[in-house]
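Since the structure comes first, as structure tokens, the remarks are kept for the end.
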Amino acid sequence: MLQPLLNSTTTPLLKQVARFAERRQEVLAGNIANIDTPGYRMRDLPVAEFQQALAAAVARQRSRPISPGEAPLTLHSPGSPGTPMNLVDELFPDSLFQASEPRSQPGITFQDANNRSVESQFLQMTQNQLLQQFAAEVLRQQYDQLQMAISERP
Amino acid sequence: MLRTLDISASGLVAQRLRMDTIAGNIAHSHTTMNEQGEPSPFQRRLVVLEAAANRHGRGTGVQASVEVDTQSLPRRIHDPGHPHADKQGYVSYPNINVITEFVNAVEATRAYEANLSTMRVTRDMIDSTFRLLG
């Protein structure tokens with residue numbers, strides 16, 4: 001019902017960023033859990049591809065801006081065609097959330113065929129955490145602003 | 001997100017099992033009699049780690065199981081006065097190298113801490129998601 005309000009500006013993009021970061025955390029946690037498993041290869045999500053999809057989605061949002069004031073508040077059922085949510089979400093296929101073993105592995109392979117690198121894993125985990133907290137915090141502020149506009153109270 | 005905590009927990013369990021096994025090996029580094037009261041050296045235990053079977057494309061946990069090392073030969077030391085000495089006067093001691101065990105213990109401790117740190121990061125992320133609810 002409030003699709004134009006909830007899907008305007010960067011909200012759907014931030015949702016995808018948070019979703020990606022949370023899924024990536026799962027993969028990185030699996031890497032740490034298997035840090036001593038012989039033959040295990042470090043996995044990761046396709047970060048570069050996700051960034052490209054994000055850039056494409058930002059460009060699309062910019063080219064046809066939907067501000068909450070312009071779009072009429074109509075009774076859309078969620079997921080009906082033509083809502084902005086679908087236009088953004090289709091840029092993020094499930095393949096962006098599938099972990100794989102990167103072809104070019106930077107680390108050294110140890111004698112047990114594991115290419116562990118605790119430092120790089122924790123570096124990526126920290127960056128990922130900052131990304132997720134950024135997305136969650138901006139989302140929260142956007143919802144707060146909506147709430148403020150609805151209740152007409154600061 | 002809660003699955004992520006499960007994965008880190010599987011790492012904690014595996015590393016704790018390694019520490020338990022190492023403690024047992026060190027405690028039995030000079031044990032020359034088995035539970036049945038026969039003169040037989042303690043067999044070294046080792047933990048085998050493997051990646052848990054998982055749906056493709058997701059993070060995966062770790063599975064640990066304890067195996068008995070039956071390959072390594074006992075250390076034979078000439079000590080005819082020992083009650084567990086054989087006819088030639090040799091006592092069979094377990095083939096446990098305490099230094100190896102300690103090195104493994106340090107590794108297990110660090111891996112345990114790495115899993116704990118991961119859990120802390122995951123918890124912070126869950127916290128920030130839940131704050132969206134206001």
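The values are calculated or read from the model by the stated rules, or taken from the named source; none is laboratory data. Every value quoted in this text rests on a predicted model; they were computed, and no experiment measured them. Cβ: placed from backbone, ideal geometry, glycine included. Neighbour counts: every protein chain shown.
Worth pointing out:
- Some residue of the range B:6-22 being surrounded by 14 or more Cβ atoms within 10 Å (Cβ to Cβ), more than 14 Å from chain A (Cβ to nearest Cβ), in contact (Cβ under 8 Å) with a residue 40 or more places away in the chain and not aliphatic (A, V, I, L, M): no
- Hits in the range B:95-111 - residues which are more than 10 Å from every other protein chain (Cβ to nearest Cβ) and either among the aliphatic types (A, V, I, L, M) or in a helix (DSSP H, G or I) (or both): B:Ile96, B:Val98, B:Ile99, B:Thr100, B:Glu101, B:Phe102, B:Val103, B:Ala105, B:Val106, B:Thr109
Rundown of residues vs (1) closer than 30 Å to A:Pro102 by Cβ; (2) part of a loop (DSSP other than H, G, I, E, B), yes/no style:
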| position | (1), (2) |
| --- | --- |
| B:Glu35 | no, yes |
| B:Leu46 | no, no |
| B:Thr60 | yes, yes |
| B:Ser65 | yes, no |
| B:Leu73 | no, yes |
| B:Pro80 | no, yes |
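- Options A:Asp36, A:Asp44; residue that is farther than 16 Å from A:Pro102 by Cα, among the acidic types (Asp, Glu) and touching a strand residue (DSSP E or B) at 6+ places or on another chain (Cβ under 8 Å): A:Asp36
- Unmet criterion (only one of (1) within 22 Å of A:Ala29 (Cβ to Cβ); (2) out of contact with any helix residue (DSSP H, G or I) (no Cβ under 7 Å at 6 or more places or on another chain)) for B:Val47: (2)
- Of all residues in the range B:31-42, none are small (Gly, Ala, Ser) and at pLDDT 95 or above.
- Filtering the range B:112-134 to residues that are more than 30 Å from A:Leu14 (Cβ to Cβ) and either charged (D, E, K, R) or in a loop (DSSP other than H, G, I, E, B) (or both) leaves only B:Glu113.
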